[in-house]
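Asks: So that we are looking at the same thing, I have put the structure below in structure tokens.
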Amino acid sequence: MKLKDILELGTYGYNPDCKVEIFDMKNFEERLENEGFHEILLPSDENATIHPYGFLIEDAILIAMADVEENNGS
């Protein structure tokens with residue numbers, strides 16, 4: 001799977017041909033303690049609900065995804 005298959009390319013500025021894997025966030029703490037990440041991109045909203053899976057780019061950069069709440073005007 002390639003990054004360009006999942007995300008809009010300009011969103012994060014990475015090469016569209018980067019290798020990307022689905023990362024199980026249950027393994028986040030263990031990975032952080034053992035191998036770490038080169039970079040971690042988290043949602044800017046501190047109250048956001050993080051999805052149980054994120055994207056791991058080139059086995060070094062983690063992109064955590066969150067639910068986007070829509071404002072329906074009510």
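Asks: Can you tell me which residues in the stretch 24-54 are in a strand (DSSP E or B) and either at pLDDT below 85 or out of contact with any helix residue (DSSP H, G or I) (no Cβ under 8 Å at 6 or more places or on another chain) (or both)?
Replies: 24, 39, 40 - these are the residues of the stretch 24-54 that are in a strand (DSSP E or B) and either at pLDDT below 85 or out of contact with any helix residue (DSSP H, G or I) (no Cβ under 8 Å at 6 or more places or on another chain) (or both).
Asks: In the stretch 36-59, what count of residues is obtained for those that are of a type in the set (Gly, Ala, Ser) and surrounded by 13 or more Cβ atoms within 10 Å (Cβ to Cβ)?
Replies: Residues meeting the conditions: 2.
The values are calculated or read from the model by the stated rules, or taken from the named source; none is laboratory data. Because the structure is a prediction, the values reported are computed rather than measured. All Cβ positions, glycine included, derive from the backbone under ideal geometry; neighbour counts span all protein chains shown.
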